[in-house]
Structure formats: C-alpha cells, structure tokens
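K.L.:
Got a structure for you, written out below as structure tokens; questions coming shortly.
The values are calculated or read from the model by the stated rules, or taken from the named source; none is laboratory data. Because the structure is a prediction, the values reported are computed rather than measured. Cβ coordinates were reconstructed from backbone atoms using ideal geometry, including for glycine residues, and neighbour counts include every protein chain displayed.
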Amino acid sequence: MQLLTQVDYWHWLILAVVLMILEVFSPGAFLLWMGLAAAVVGLLMLLLPELGWQMQILIFAILSVLIIVLVRAFLQRRPIETDQPHLNRRGEQYIDRTFTLQEPIVNGEGKIHVDDSTWKINGEDCPAGTRIRITGVEGVVLQVGRDE
C-alpha cells in the first residue's frame, strides 16, 4: 500500500500517454477518453499535490465515465460524415441492387452470389432465374423482394 499512496502528477501523465498509445491498437475510441481523464487528473495534481490517492482514483473514474458519455452523446447528435458511409457495413452496400437468382428461394430462405461472396437471403419463394432486388439487411442476411 505504501506504493499506492505515493502517486504523483507524472504517474497520471504517463498513464495518459500509455492509454492514448494503446488506443492506436484498439478498435473504437475508448481508451483515448480515459487517457484524457488521466491527463486532467495529472494536471489537477500539479495544482493540488496534497490530493489523496483515493480522491485521485475517484476523480479519474468519474471523469472517464463523464467524458465517454458526453462524447458519445455529441457524436450521436452530430455524426461524422464520410464519403463512404457503408465502408464497414458491407451488406448495406448492396441495398437497391438487382440480381438474378442462381438457386431458388425455398421456404423464404436462399443464397445468392454477390461479387466475390455468397450471402444468405430471406424473401418470398422464387424460382431460379427470378430477378430480385436487395431491400435491406438484418445482421448477415440480405432481405430481398422481386424486382418489378
């Protein structure tokens, strides 16, 4: 416990840098905000060096949660715009495209070859050779309807 009671500002700043570096190797943006919280605690320690370790950890925890919640709320109201909105949602790239069935849809289920892969499809029963249109995606299953 002796070691834990001797937390100084530079410990928090090192933790901030480590968390931000780890963010590079992890998906999403989660550790970045925890790193920001650690940096704030480190800067707070410069102003209030007598702050106890319990209060430091409490401030870090509260700031981490608060920053993450605020950033998520901000990004939901103002999503990042991109020229490729379906980049990581491959199935959505196929919506409104038409294809010809190679195999029939039986009992509402079938398969279709799209580009270089095979996808499961759901839709009304159709014989092979029917023109279909992709109308939506549920998980990894394409929803289809007859092309009019």
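K.L.:
So which residues in the stretch 3-34 are farther than 18 Å from Ser64 by Cβ and of a type in the set (Asp, Glu), if there are any at all?
P.N.:
Correct list: Asp8 only.
K.L.:
Among (1) among the polar types (S, T, N, Q); (2) farther than 18 Å from Tyr9 by Cβ; (3) surrounded by 13 or more Cβ atoms within 10 Å (Cβ to Cβ), where does Gln76 come up short?
P.N.:
(3)
K.L.:
For the stretch 135-148, what are the residues that are over 25 Å from the mean Cα position of the chain (by Cα) and not in a loop (DSSP other than H, G, I, E, B)?
P.N.:
If the condition is that a residue be over 25 Å from the mean Cα position of the chain (by Cα) and not in a loop (DSSP other than H, G, I, E, B), then Val144, Gly145, Arg146 are the ones that fit.
K.L.:
Just to be sure I understand the filter: pairs with C-beta atoms under 7 Å, separated by 6 or more residues or on different chains, first member in the stretch 28-51 and part of a helix (DSSP H, G or I), second member surrounded by fewer than 22 Cβ atoms within 10 Å (Cβ to Cβ) and of a type in the set (Val, Ile, Thr). Which pairs pass?
P.N.:
Trp33/Ile67; Trp33/Ile68; Trp33/Val71; Leu36/Ile67; Ala37/Ile67; Val41/Ile59; Leu44/Ile59
K.L.:
Where residues in the stretch 56-107 are of a type in the set (Gly, Ala, Ser) and modelled with pLDDT of 90 or more, which of them is farthest from the chain's Cα centre (by Cα)?
P.N.:
Ala61
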